[in-house]
Amino acid sequence: MLATRASSAFVCLRCELKLARPRTSTPPRQPSHAGFSSSARRHDAADDSQTLALGETPAQANVADRPLRISKEYTRKGRVVRQRKAKLGMKRMDEEADILVLNEAPTPEDPDKKLPEPFEPISVPDILSSLQQDSAPATQEDVEKQLQSLRPARGHADEPHYVTTADFVKLVAALARGFTTAQLSHYYSAAKSVKQETLFKMVKATVKATRRSEWHPTTTNIEKRLPGVETVLNKRTRGIRKATLVDKILRDVWKLELLEELEAPGELELKLRPWELRLLQNGGNNSNLARIAKIRNAKVEIHWQANVLRITADKTTAEYAANDILEAISKAHATSLDLRRWVGQLNEARLSSGTSLAASLPADYVSSLTGTDIFAADDYTLTIHGLDETSVAEAKRTLVRLLPFKESATRTIDTQRLDAAKHGSYLLPTFHEPKSLDYSFRDLSLGRWALPVARSADAVATEEQDNSQDGVEPKQRSEQSTHGIVNRVVSFMGAPVDGAFTGSESKPRNRQTGYWALEPEYKVSADFGQALFPLELSDPNKVVEAASDPSRSPFQPSIPGLGSLLASSEFQNLSRTETPALLYDFIPSPDQKDLEVGPAFPRLHIQVRTGRDGNRPTIHKLSLGFQERVHDVLLPDQAADIRFHRYGRLRFSSKSHHDKNVEEWSEAVRQNIESGRRLSAPSLTIDIPKWTIPGFPSDATGMLPVKYVFSGIQFRQSVTGRLLDTQISYSTMQSGKLGAKGGALSAYSEKLKANEYEAQIRDFATKCVQMVDYITQAGAQTQPLRQIVLPRNDHSARKQRRAALREGQDQVLSHAMDQDPALDQQSESAESLENTQDQDDVEAYDETQAFLDDQDADARLASRLDGEAPAAEAETAFDEAQAEADEDRKTSRSKMQEQEADALLDDLFGDEPAEEPIGKEKSESDSALRESEKS
């Protein structure tokens, strides 16, 4: 059976079967045909053998008979593909079989295309010889050739060559990475014609001489040093940094100069000494370094490990900032303070055994105050550096002031009241302002001995009754206790044996005192405040022990209720000093010729007063102080304690003298005050009487020159008055940042007489104890001060009418007022008194404003104790006072407006009806009303 054929098929069925069978190595087997089969045999034209010529293949036989026909042409992947058909040379299904031919269209050849040049044969080097050549060290000639190849080309060898910042940075990187330190060193020594052995010394000397690097572009880490600033951390190291050699080659040998670029960041370093860096940085935000950086708008950093100051800014700004810093350092002054000179005057008990005398002083704090640098050279020597001579002298004076000197005054204490209530007393901690005490007491934890305050209903009622009564003196203490206190004060405050009253008054001693008075003047005063003791000594039995050490038990002159006390009616003749006073304190110099200086050596005190504008200063008082004694009285049941002073003063004729040294000192002080700089004064050498010096007899005659060293200034303003027929003054004091700042209430005895000395002291001590009762009552006062000075009028007519309206007694009140004309007169007088008080308020404000103007000038003078600029505390106090005065003015004006409004309301809506006009008066009023309506 023949297989059916599909029309136009070109593959026979047998070929399909062969493709479908697995390919094996066995040859295909021919199909067997039975000879006896009568069936028709399958016939395929492909099985018919064709007649071929000898040696000719079927493909070659039909080459001429098979033309190529392009049936389709398309583009594939950017190339033209042609689809053609050709005769296969075989028959299928009695038809010529075709074959599909796919090929790319031929690309026309470019006639201009050149043939590739033939490659030359590459010569392969000898690897072994190349390795040996690379391992061999480069000669100096090769290094110089390579360096010269990196050197920018220029016109003349001696002229500088300008390059950009980017090119300079590339050259620095190329030399630093491509060459070793030894290669660069040999190249630099050859270029400079210097031996290699002396190169290190030459570069080191150059770096030390400059102390300043060149400006380098870009910014780097502060830990990395710029070329030209060498820091020797290890003294054994002898070498030059590669960065320094690279910089020397580029700038000295190749003479490269950077083209200045505006606002291009860069760095410049200064190598300074440690004390110079501390001196520049001392003061924090107000230091010289901060000021220069702010003015020049540059960033300034300090690397303390290397003692290097780095300036980051553009080239011009960095150069100007470096010049300013070096100029400031060039004006520096240095001195040394030898503390061995002062050892004889110091209190050895206050010196710490574990530290030296130089290390015990607060050098860092003094440096911050004076703008200097202070460090201990040894146990007894301090080295001081400053940017000017004034700051160095100020630092030296401050250090001497902080030395623990022996107490010049003899101290005693009265604990009679404390011993009487020993079981109920306790040490009450005090929280004072830090600047209200001297610097040496500010770190101590202090307290005041006090007794518990018992308050009951009866006590409160009694207190209110006492406060409501005017003119009643405070309740006296027990006579026995007061008598004991007064007796002790008289015994301790008595005149010394060789005092003002020795000798006959009719025959004064001829002492040849020059411009000094013949006899000293002794005075007794009392300060009211708080006697403070360390909290660790809370045992009442150790009070005397604590009081024996003045360095641990200060007296703070602060009292409660000061405003109420000054505003009370008992305080009379209140007045303020016209000009402030400057008190110049001195201590005797230890370098006296043939004199031994001790705690009993006389002290020099000078008081200078200026004009209202702070100029034209003159010496108001000049005196010697000696034979001082201090006696403290503890009053734990009261609000304040008492400190009695007895001191002697020998006056100098400051108006009619012709002492050359005093005149020169006065002129120097005048120039200092009028210059506006920090207040200071020079030392003074003055002739003093011999009998005032310890070691000389009391009847010694003649004078000796003594040098006094200036130690400090106090700025004082006082308000004086009288209380209990005794002179009282309240003084505000400022003595710089190391001294106490605040106010003190003091009482002064009358001029002491020889025959009445004891009686005067007894009367003065009794009144001082009574004043403490006033202070205690004033401290318990809770009513505002303004209401105490200007009390409200409770008997005014307006208040009576308002009270009557609230109680519904209008008619009764009006009838009573008609019947009693005296009541109207009293109301009118009360209203006039109230208006007068309001007018006094306005006048008081004007006086306060004038007082504040004076205070402004005084505050500027006081602020110069520590610096040129006014102190922030003085400005704050002035602002507060001015704000308070403005508030008082507003209050007085509002009060006057309120009175005017009340008066207008009384006229419009008063209690008494207005009488209606009759007759002619009524017609006149109507016509006036019509005219006013027309207008």
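The values are calculated or read from the model by the stated rules, or taken from the named source; none is laboratory data. Being a predicted model, the structure only gives us computed values, none of them experimental. Every residue, glycine as well, gets a Cβ built from its backbone with ideal geometry; the counts of neighbours run over all protein chains shown.
In summary, THR381 fulfils each of the numbered conditions (1) at pLDDT below 90; (2) surrounded by fewer than 21 Cβ atoms within 10 Å (Cβ to Cβ) with the single exception of condition (1). Tally the residues that are of a type outside the set (D, E, K, R) and within 16 Å of GLY736 (Cβ to Cβ), restricting the search to segment 385-395. Selection size over segment 385-395: 4. Can you tell me which residues in segment 681-698 are surrounded by fewer than 19 Cβ atoms within 10 Å (Cβ to Cβ) and either in contact with a helix residue (DSSP H, G or I) (Cβ under 9 Å, 6 or more places away or on another chain) or not assigned by TED's automatic domain parsing to the domain that holds GLN714 (or both)? Correct list: PRO682, SER683, THR685, ASP687, PHE696, PRO697, SER698. Any residue at all in segment 409-417 that is charged (D, E, K, R), closer than 18 Å to SER735 by Cβ and surrounded by 15 or more Cβ atoms within 10 Å (Cβ to Cβ)? No: segment 409-417 contains no residue that is charged (D, E, K, R), closer than 18 Å to SER735 by Cβ and surrounded by 15 or more Cβ atoms within 10 Å (Cβ to Cβ).
For SER568, the conditions (1) among the small types (Gly, Ala, Ser); (2) out of contact with any helix residue (DSSP H, G or I) (no Cβ under 9 Å at 6 or more places or on another chain); (3) more than 25 Å from LEU679 (Cα to Cα) are fulfilled apart from (2).
Every residue, every condition in (1) over 15 Å from LEU226 (Cβ atoms); (2) surrounded by 20 or more Cβ atoms within 10 Å (Cβ to Cβ); (3) at pLDDT below 90; (4) over 18 Å from the mean Cα position of the chain (by Cα), yes or no:
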site: ALA264; (1), (2), (3), (4): yes, no, yes, yes
site: GLY284; (1), (2), (3), (4): yes, no, yes, no
site: LEU289; (1), (2), (3), (4): yes, yes, no, no
site: ILE292; (1), (2), (3), (4): yes, yes, no, no
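Within segment 492-550, if we keep just the residues that are at pLDDT below 90 and of a type in the set (Val, Ile, Thr), the residue that is surrounded by the most Cβ atoms within 10 Å (Cβ to Cβ) turns out to be VAL543. Restricting segment 640-659 to residues that are at pLDDT below 90 and among the charged types (D, E, K, R), the residue that is nearest to ILE686 (Cα to Cα) is ASP659. Any residue that is under 19 Å from GLY712 (Cα atoms) and surrounded by 20 or more Cβ atoms within 10 Å (Cβ to Cβ) - is there at least one of those in segment 635-655? Looking through segment 635-655, none of the residues is under 19 Å from GLY712 (Cα atoms) and surrounded by 20 or more Cβ atoms within 10 Å (Cβ to Cβ). Restricting VAL662, VAL597 to residues that are among the β-branched types (Val, Ile, Thr) and modelled with pLDDT of 90 or more narrows the list to VAL662. Taking helices (runs of 4 or more DSSP H) as the structural unit, those lying wholly within segment 700-814 and holding at least 2 residues that are loosely packed, with under 15 Cβ neighbours inside 10 Å and basic (Lys, Arg) correspond to 797-807.
When restricted to residues that are touching a Pro at 6+ places or on another chain (Cβ under 9 Å) and either over 29 Å from LEU357 (Cβ atoms) or assigned to a helix (DSSP H, G or I) (or both), segment 400-419 contains 4.
Yes/no per residue for (1) assigned to a strand (DSSP E or B); (2) farther than 30 Å from GLY598 by Cβ; (3) hydrophobic (A, V, I, L, M, F, W, C):
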{"site": "ARG291", "(1), (2), (3)": "no, yes, no"}
{"site": "LYS294", "(1), (2), (3)": "no, yes, no"}
{"site": "ILE302", "(1), (2), (3)": "yes, yes, yes"}
{"site": "ARG310", "(1), (2), (3)": "yes, yes, no"}
{"site": "ALA328", "(1), (2), (3)": "no, yes, yes"}
{"site": "THR335", "(1), (2), (3)": "yes, no, no"}
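Would it be correct to say that GLN627 is touching a strand residue (DSSP E or B) at 6+ places or on another chain (Cβ under 8 Å), under 22 Å from SER711 (Cα atoms) and in contact (Cβ under 8 Å) with a residue 40 or more places away in the chain? In short, yes.
Could you tell me which numbered condition GLY447 fails, if it satisfies all but one of (1) in the same structural domain as PHE644 (by TED's automatic domain parsing); (2) modelled with pLDDT under 90? Exception for GLY447: condition (2). Regarding THR398, is this residue in contact (Cβ under 8 Å) with a residue 24 or more places away in the chain and closer than 23 Å to LEU738 by Cα? Judged against the criteria, THR398 is a match. Consider only pairs whose beta carbons are under 7 Å apart and that are at least six residues apart or on different chains; among these, list those whose first residue lies in segment 162-191 and is within 14 Å of TRP254 (Cβ to Cβ) and whose second residue is assigned to a loop (DSSP other than H, G, I, E, B). Pairs found: TYR162/LEU259; VAL163/PRO152; VAL163/LEU259. Of the residues making up segment 422-437, those that are closer than 15 Å to ASP539 by Cβ, touching a residue at least 12 places away in the same chain (Cβ under 8 Å) and part of a loop (DSSP other than H, G, I, E, B) number 3.
Taking the numbered list (1) assigned to a strand (DSSP E or B); (2) surrounded by fewer than 17 Cβ atoms within 10 Å (Cβ to Cβ); (3) of a type in the set (Val, Ile, Thr) in turn, THR390 passes all entries but (1).
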